[in-house]
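Below: the structure, in structure tokens.
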Amino acid sequence: MISLPLNCYHSPRLKTGIFLAMPMNDKIIDSLFGSKTKARLLKLFLHNPELSFGLDEISAKTKLPRNIVKKELAGLLNLKIIRTIHRHDRKKKKIKK
């Protein structure tokens, strides 16, 4: 029996395993996404896929300034990673499925 590292993806069908050389930390994640802001926003949406958030709520949960969050959200909307939904006469952002 072969044991795999904890941070490993294993495909039984292909009989292969792909694993990361090191555990993912915030510095690596920030580097992958280009900025700390983008990484925090994506973490918020990916950890809460069924929830939608308003701009002020996103700013509070990520502890980032509102104007910076607004700018990064515009980029994520253009990439169609998130979408805007209207709830109770307010715009909310949600991860796109």
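Just so it is clear, none of the values below were taken in a lab; they were calculated from the coordinates. Quantities reported herein were computed from a predicted structural model and do not represent experimental measurements. So basically every Cβ, Gly included, is an ideal-geometry build from the backbone, and we count neighbours across all protein chains shown.
Return the residues of segment 68-97 that are over 11 Å from residue 37 (Cβ atoms) and in a helix (DSSP H, G or I); say none if nothing qualifies. Result: 74, 77, 78. Condition (residue is part of a helix (DSSP H, G or I), out of contact with any Ser or Thr (no Cβ under 8 Å at 6 or more places or on another chain) and within 16 Å of residue 84 (Cβ to Cβ)) applied to segment 33-43: is it met by at least one residue? No, that holds for no residue.
The number of residues in segment 68-95 that are touching a helix residue (DSSP H, G or I) at 6+ places or on another chain (Cβ under 9 Å) and of a type outside the set (Ser, Thr, Tyr) comes to 16. Close contacts from segment 40-62, counting a first residue that is farther than 11 Å from residue 93 by Cβ and a second that is β-branched (Val, Ile, Thr) and in a helix (DSSP H, G or I), with Cβ to Cβ under 8 Å and a gap of 6+ residues or different chains, come to 40/62; 43/29; 59/69; 62/37; 62/69. Kindly establish whether residue 63 is farther than 22 Å from residue 34 by Cβ and in contact with a helix residue (DSSP H, G or I) (Cβ under 9 Å, 6 or more places away or on another chain). No: the conditions fail for residue 63.
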